[in-house]
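Trainee: I'd like to ask you about the structure that follows.
The values are calculated or read from the model by the stated rules, or taken from the named source; none is laboratory data. It should be emphasised that the depicted structure is a prediction, and the values quoted were computed from it without experimental measurement. Cβ atoms come from the backbone with ideal geometry, glycine included; neighbour counts cover every protein chain shown.
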Amino acid sequence: MSAETKRSGGMVATLSRLGLLVWLATGLLLLVGAARSFGTPVSAVKTPPPAPPVRPPVPHAEHRYVSDYKFGTGDEIVLVLVGASFCGAHLTPGFAQAVEDAKVHVQRQAKAGRRQFRAVGVSLDWKTDEALKFLSAFGEFDEMSVGSNWVNGSAFRYIWNDLPGEPVVPQIVVVQRHLDTGGRAIRITDERVIRRIRGSVDILAWARSGAKL
């Protein structure tokens, strides 16, 4: 074998060893990268902050309105809700509870002044079933007047004729009157509006401030 042939064979062997080393080094780097991708060291894992404790809902400060189911001779306060599902204002968050709170607040003030109290719900929806469904969201009433849209009998009483006011829904009308049950006929005298609150925003604010008369 010639010297030239030996040198060529040695060079091939050297290149083969270098290629093997390069291949091994490349494989090692790939393994390290894979390990970093699939296995993050525990020390590098960030523990998320603990979730805040779940607090139970705060009970509402007011009880729901409950009627006295009685009447007699004396002064009386009547709170009238005039609304309708077609106005959409009743969908304002907190509005239904505000009406309930207003009834409770006004009832309390009436009793403090030795006056009777009555809550009246009026819905101006055309269909009576839709009107009753609308009023059902506002708790208990002593009396309801439903149907017939703007020619509803209570609309004539609290907006158009007897105690006229701006035709806006929703609105709350607070009436003071004297009830006389001592004779053969029941009579109402000295009837007047002492508060008229129009629109869901003003009703919410009024109820939240205590529904002062």
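Trainee: Look at the range 84-122 and say how many of its residues are assigned to a strand (DSSP E or B) and either of a type in the set (D, E, K, R) or more than 14 Å from Gly139 (Cα to Cα) (or both).
Mentor: Of all residues in the range 84-122, those assigned to a strand (DSSP E or B) come to 116-122.
With either of a type in the set (D, E, K, R) or more than 14 Å from Gly139 (Cα to Cα) (or both) added as a condition, the list becomes 116-118.
The qualifying residues number 3.
Trainee: Out of (1) modelled with pLDDT of 95 or more; (2) within 24 Å of Leu213 (Cα to Cα); (3) part of a helix (DSSP H, G or I), what's the single condition that is false for Trp150?
Mentor: (2)
Trainee: Hey, another quick one. Does any residue of the range 187-202 turn out to be under 25 Å from the mean Cα position of the chain (by Cα), acidic (Asp, Glu) and modelled with pLDDT of 95 or more? Can you show your working first?
Mentor: Restricting attention to the range 187-202, the residues satisfying the condition of being under 25 Å from the mean Cα position of the chain (by Cα) are 196-202.
Those still in the list that are acidic (Asp, Glu) too: 202.
With the extra rule that they be modelled with pLDDT of 95 or more, the set shrinks to 202.
Yes, that holds for at least one residue.
Trainee: Please enumerate the residues belonging to the range 153-180 that are part of a loop (DSSP other than H, G, I, E, B) and either more than 19 Å from Ala98 (Cβ to Cβ) or without any contact (Cβ under 8 Å) to a residue 24 or more places away in the chain (or both). First the steps, then the outcome.
Mentor: Looking only at the range 153-180, we keep the residues that are part of a loop (DSSP other than H, G, I, E, B), and these are 161-170.
Residues satisfying the conditions are Asn161, Asp162, Leu163, Pro164, Gly165, Glu166, Pro167.
Trainee: Going residue by residue through the range 116-133, is there one that turns out to be within 16 Å of Ser67 (Cα to Cα) and in contact with a His (Cβ under 8 Å, 6 or more places away or on another chain)? Quick ask: steps written out before the conclusion?
Mentor: First, the residues of the range 116-133 that are within 16 Å of Ser67 (Cα to Cα): 116-121.
After this cut, where a residue has to be in contact with a His (Cβ under 8 Å, 6 or more places away or on another chain) as well, the list is none.
No, the range 116-133 contains no residue that is within 16 Å of Ser67 (Cα to Cα) and in contact with a His (Cβ under 8 Å, 6 or more places away or on another chain).
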